[in-house]
1. Between residue 34 and residue 126, with labels modelled 7 Å along Cα→Cβ, what's the label distance in nm to one decimal, could you check?
2. Ignoring everything except DSSP H segments at least 4 long, calculate the 222 nm mean residue ellipticity for the chain; use -39,500 (n - 2.57) per segment, divide by total residues, nearest 500.
3. Counting other C-beta atoms within 10 Å, which of 85, 15, 5 has the fewest, and how do the rest follow?
4. How large is ³J(HN,Hα), in whole Hz, for each residue of the stretch 137-145 in order, when computed from phi with the Karplus curve 6.51 cos²θ - 1.76 cosθ + 1.60 and θ = phi - 60°, using x for Gly and Pro?
5. Over 24 Å apart: what share of the alpha carbon pairs of the chain falls there, rounded to a whole percent?
6. Evaluate E = 1/(1 + (r/R0)^6) for residue 152 and residue 44, where r is the Cβ-Cβ distance and R0 equals 35 Å; express this FRET efficiency to the nearest 0.05.
7. Counting other beta carbons within 10 Å of each residue's own, what order do 46, 20 fall into, fewest first?
8. Starting at the first residue of the stretch 12-20, write each ³J(HN,Hα) from the Karplus equation 6.51 cos²θ - 1.76 cosθ + 1.60 with θ = phi - 60°, in whole Hz, x for Gly and Pro.
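Please treat every number below as a calculation from the coordinates, not as lab data. Just so it is clear, the structure is predicted and the values come from calculations on it, not from any experiment. Cβ atoms come from the backbone with ideal geometry, glycine included; neighbour counts cover every protein chain shown.
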Amino acid sequence: MGSAKSQVAKAVAEKMRRPFIDLDRMVTERLRMRAREVYERFGESFYRASESVELGELAEAEAPCVIVLGSGAVLLPRTVDILRKMGNVYYLHVERQNLVARLAKADKHAWVRSGNLEERVNKMLDEREECYEAAADVTLKTDNMTIAEIVDAIVSREMPQKA
C-alpha cells in the first residue's frame, strides 16, 4: 500500500501489451461488495481466501497478463504458490518513512490514517515485510525512482533486448 504498484502495473501492462488485472477488483466484483464490507462482514481470512481463488482461476487461464495484488495477498502461502507458477513476482520496496509520507497525502487509503499512521504502517510492515520478501522473485528499491524508471526496470527484465 502506497508503493504505487497499481500505477506501475498498469504502465507495465500497457508497455508489454498485456492485459492489466487488479486482483482486489476481481474479488470485490465477484462478491459484489467493497473490500471494506467484505472485511467487516466476513473477516480478513475470507478475503485472503477469495484472493487465492481468483488468482487460481487466472493461473488456469494461462494467458500472459500483469496482475496487481492487494498489499496482504502474499500472506496466504497458497497464493504465493500460485504466483510462483504464473511468472515473476515484483516487490516494490519503499522505506517506511516514505510510505508514511505518501499515505498521509493519499485519498485512496484514508482508512489507514485513523489513529497514528506511523504506528499502523510499522505494525503492518512488521507483520508483512518478511512475506513480501519471501514471495518476490525481484525486489526493487523504488524510493528514488520515478514510475517510468520502475516500469523500465521491470519491462527490461521481462522482455530481454533482441540482439
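1. In this crude spin-label approximation the distance works out to 2.9 nm.
2. Details: 8 runs with 98 residues, N = 163.
After summing the helix terms and dividing by the residues of the chain, the value is -19000 deg cm²/dmol.
3. Numbers: 85 9, 15 16, 5 20.
Going from sparsest to densest Cβ surroundings: 85, 15, 5.
4. 7, 9, 10, 10, 7, 9, 3, 9, 10
5. Working: 4686 of 13203 pairs.
Tail fraction, whole percent: 35.
6. Numbers: r = 35 Å, r/R0 = 0.99.
Once the sixth-power term is evaluated, E becomes 0.50.
7. Working: 46 13, 20 16.
So the residues, fewest neighbours to most, are 46, 20.
8. My calculation for the stretch 12-20 gives 5, 4, 5, 5, 8, 6, 10, x, 9 Hz in order.
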